[in-house]
Structures are given as structure tokens and as C-alpha cells.
Amino acid sequence: MKLFPAIDVKDGKVVRLVQGDFDKVTVYSEDPAEIAKKFKEAGADHLHMVDLDGAKDGKLVNFETIKKIANETDMFIQVGGGIRDEERIRLYLEAGVDRVILGSAAVEQPEFLEKMVKLYGEKIAVGVDVKDGKVAIHGWKTITDKDDKEFIEYLISIGVKTIIYTDITKDGAMEGTNIGAYKKLRDYDINVIAAGGIMYEREITELQDLVDGAIIGKALYTGDMDLARCIELAGRKAPAGIH
């Protein structure tokens, strides 16, 4: 299972939000590149980045920061946050980002999504943010009437290869992740990356046989989880009986 430590960037700083709430911001570092370097030194070869300013305002405030990290590390980097047009996709990919994540645009602009998937293939992932089985958009402020499972089936039908699935009630809450949700997704013919609330070592073990990757955020910054230890666990073969 691939492990993605997370760097959320706002105003050039590394921050974490609670359930996407911009009024609940904690700054953990003034230097995202330094954090990426520390993750690399701990053994990470994948990185999940979110441009929170892009997600909120649609502006490329943190582009140079993300570009710097892409240029200075050889990690596989996926980026999300306010990506709503082809120009931004192209800019990120040209900057050295390996995969871009479409969120609200994937829900609201299906024709755009389908075109981007045809053009860029596996370099396009879709963020499926969910509350009570319904897809959320616009920084999780709007809960649509779109069923998450039906949406995933649609994504599979148009050729999307990877989704980042987040139970938004768990994100940043330090309560653990929604293992049950990933059990239900196991049989879908799509790569699933688990996100939202992972904070226990046993969850890494439980997720191994359920998903292709997992994102760890706040628990790394609070010290509740050790990245090197998590990478070690993620690299082990899942024990028999874990489903």
C-alpha cells in the first residue's frame, strides 16, 4: 500500500484544517519544502498536497511552493485544490507534479472531466468527498444529492483510474478513519486512496488489503503517528484474516 503524507498549504505555510473549516486552522510550519524534505528523509516516496487557497478562492497562490517541492524531490506528487480548468492541470504537470486531483469540477462539469481523462489519462484523479453517503463539493460546504457509489461507478465508466475517498466527518477530527467505507469499496475496479482521520497504526494494517494507498495528515504533525513506522507497516504483507 502506498503511503501519502499530506502537506496542506495556505499562504505559503503548512496548515491543517478540521473538517475543511477555514476558521479552524493550525499552522505547523512556515516552510512546506522543509516538511517535504523531512518526509522524504523518513522514507516517503509519495506526497499528497492541497492548495487550500486554490480550493477556497481559485487562485494559484501556492503554485511556486508546490513547483519547488516537485523540482527538489523525486517523490511522486499528487496535488488538489481549486483545479477547475485545463490550464491549471497543464501548469501543474509541466511543473513536475505527477497527478492532479479534480474535486468540485469533476462533479459539476462532467464534460470537462471526461475530456481531461481522455487527454491526460492516469494523471487525473478524482476526489470523492463524502458525508453520509452523499458527495460534497466546494470545500465540503455543499452536500449534493449525488450518491457516492453511483458517482464512483460513473467515474469507472469514463476511465478514471484513481479516486481519493474521504469521509469528511473524520478529517482532522483525530477520531480514526471510516474503515467500513473502504470495505464497501474494495470490489470496485478502481484504485482507491483512503483519506480522512487516519491516526492509529492498526488502521494502516486494516487498510492494506482494502485500498491502494492511504493519506496521513494531522496525526503526523501532532506526533500521534511516526511516518517511518507507518511506511514500514504499509510495506508489509497484510496479515491473513484482515479484510
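The values are calculated or read from the model by the stated rules, or taken from the named source; none is laboratory data. Keep in mind that this is a model prediction, so the values were computed, not measured. Ideal geometry is used to build each Cβ from the backbone, glycine not excepted, and the neighbour counts take in all protein chains shown. What goes into the accessible areas is simple: the full protein's heavy atoms, side chains included, and nothing from ligands, DNA or RNA. Shrake-Rupley method; radii C 1.70, N 1.55, O 1.52, S 1.80 Å.
Beta carbons closer than 8 Å, at least 6 apart along the sequence or on distinct chains, pair a first residue in the range 117-138 that is open to solvent by less than 50 Å² (accessible area, probe 1.4 Å) with a second that is basic (Lys, Arg) for 121/161; 124/99; 125/99; 125/161; 133/149; 135/146. Residues that are open to solvent by 10 Å² or more (accessible area, probe 1.4 Å) and either among the basic types (Lys, Arg) or more than 22 Å from residue 159 (Cα to Cα) (or both) within the range 201-216 comprise 201, 202, 205, 206, 208, 209, 215, listed in sequence order. In the range 162-186, of all residues being open to solvent by 40 Å² or more (accessible area, probe 1.4 Å) and part of a loop (DSSP other than H, G, I, E, B), the one that is farthest from residue 98 (Cα to Cα) corresponds to 175. Residues in the range 71-94 that are acidic (Asp, Glu) and under 20 Å from residue 106 (Cα atoms): 85, 86, 87. Within the range 46-61, does at least one residue satisfy the condition of being closer than 22 Å to residue 105 by Cβ, part of a helix (DSSP H, G or I), open to solvent by less than 20 Å² (accessible area, probe 1.4 Å) and at pLDDT 80 or above? Within the range 46-61 (the criterion being closer than 22 Å to residue 105 by Cβ, part of a helix (DSSP H, G or I), open to solvent by less than 20 Å² (accessible area, probe 1.4 Å) and at pLDDT 80 or above), the answer is yes, since at least one residue qualifies.
Here is a yes/no grid of residues against (1) assigned to a loop (DSSP other than H, G, I, E, B); (2) touching a Phe, Trp or Tyr at 6+ places or on another chain (Cβ under 6 Å); (3) modelled with pLDDT of 95 or more; (4) farther than 29 Å from residue 38 by Cβ:
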site	(1), (2), (3), (4)
101	no, no, yes, no
114	no, no, yes, yes
117	no, no, yes, yes
144	no, no, no, yes
154	no, no, yes, yes
160	yes, no, yes, yes
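For the range 187-200, taking the residues that are open to solvent by 30 Å² or more (accessible area, probe 1.4 Å) and either hydroxyl-bearing (Ser, Thr, Tyr) or touching a His at 6+ places or on another chain (Cβ under 8 Å) (or both), the one that is modelled with the lowest pLDDT is identified as 200. What are the residues in the range 71-99 that are over 23 Å from residue 144 (Cα atoms) and in a loop (DSSP other than H, G, I, E, B), if any? Once the filter is applied, which keeps residues that are over 23 Å from residue 144 (Cα atoms) and in a loop (DSSP other than H, G, I, E, B), the range 71-99 yields 73, 74, 75, 95, 96, 97, 98. Number of residues in the range 217-226 that are open to solvent by 40 Å² or more (accessible area, probe 1.4 Å) and either of a type in the set (Gly, Ala, Ser) or within 16 Å of residue 166 (Cα to Cα) (or both) equals 2. Exactly one residue out of 10, 2, 37, 24 is in contact with a strand residue (DSSP E or B) (Cβ under 9 Å, 6 or more places away or on another chain) and either surrounded by fewer than 16 Cβ atoms within 10 Å (Cβ to Cβ) or closer than 20 Å to residue 142 by Cα (or both), and it is 24.
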